[in-house]
Amino acid sequence: MSHLKIYGSARTRANRAIWMAEELGLAYQIIPLDLAKGETRTPAFLVINPNGHVPAIDDEGFHLYESMAINLYLARKHGGALAPQDVREDGLATQWSFWAVTEMEGPALEVLFHRALLPPEKRDEAKVEAALKKLEGPTGVLDTALLTSGWLVGGRFTVADLNVASVAGYLRAAPEFAARYPNLKDWLTRCGERPAFKAMSAKRG
């Protein structure tokens, strides 16, 4: 049995940690929690994450939450090509991970919900259009950053790409928008073709 426990299913933000564990070739155990049944609010889980959210991990007794922090930790711990190779790469990986959450995730989630996740009768295309308008600036920044090497840090796929792609991937729900940004579209395709991403996706059921 693995000593790395990932709390949350591949249908939640825990998919980021699962993808990272697959990229690193780690043995891990997924512990799905049913939010509707209050399983993230039990005393046992609140020891792992007092906020009562997933994902969280238990790595041989070390508890950590927040999906981006989890992936940066796993990359630094296990090393390899996905990990920052020096302090500048470390700074850039952290920068892009924070950027994805602050600049892109909110409106991108709005697009995903109203294009794919909500029942058809609850979808609001006006909210999609407003969210896409907000995304024009950040998406342009990302598209430009990918112009030189096709990756965000060090000219190779790293934890920065994984973390950002886990958010930018929501834009697949708006293909007409993503098509306006060719570097982004190509990068998302290459990220989605990685065996580790496919392995994670297969766990969504």
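Can you classify the chain as rounded, prolate or oblate using the Cα gyration tensor, where a ≥ b ≥ c are the square roots of its eigenvalues, rounded means a/c under 1.5, and otherwise it's prolate if a/b beats b/c and oblate if not? Oblate shape, in that a/c is at least 1.5 and b/c is the bigger or equal ratio.
Provide the net charge surrounding GLY61, with neighbours chosen by a C-beta distance below 15 Å and charges set as Lys +1, Arg +1, Asp -1, Glu -1.
Working: positive: LYS5, LYS77; negative: ASP58, ASP59, GLU60.
In short, -1.
Rounded to the nearest 0.05, the FRET efficiency derived from the C-beta distance between LEU118 and ALA179 at R0 = 30 Å is 0.85. Shape class of region 17-123 from the alpha-carbon gyration tensor: oblate, with a/c at 1.5 or above and b/c at least as large as a/b. Where a Cα-Cα gap under 27 Å defines reach, which lysines qualify for LYS133, not counting those fewer than 8 residues away within the same chain? LYS133 reaches LYS122, LYS185. Give me the net charge for the shell around SER201: Cβ to Cβ below 14 angstrom, other residues only, Lys and Arg +1, Asp and Glu -1. Counting the neighbours of SER201, the net charge comes to +4.
Annotation: average projected area of region 4-79 is 4.5 square nanometres, based on the convex hull of Cα atoms across all directions.
Within the shell of other residues whose beta carbon sits under 10 angstrom from the beta carbon of GLY192, the net charge comes to +3, with Lys and Arg scored +1 and Asp and Glu -1.
Each of GLU60 and LEU109 was given a label point 7 Å from its Cα along the Cα-to-Cβ line. The distance between the two points is 3.3 nm.
Using the Cα centre of the chain as the reference point, and only Cβ charges (+1 on K/R, -1 on D/E), how large is the resulting charge dipole? Debye, rounded to the nearest 20.
On the way: 24 positive and 24 negative charges, 80 e Å.
The dipole of the chain has a size of about 380 debye.
Each 5 Å bin from zero holds the following percent of Cα-Cα pairs in region 87-198: 2, 13, 23, 24, 19, 11, 5, 2, 1, 0.
Read-outs: derived from the displayed coordinates by stated rules, not from any lab. Treat the numbers as computed from the prediction; the structure is a model and nothing was measured. Note that each Cβ is placed from the backbone with ideal geometry, even for glycine, and that neighbours are counted across all protein chains shown.
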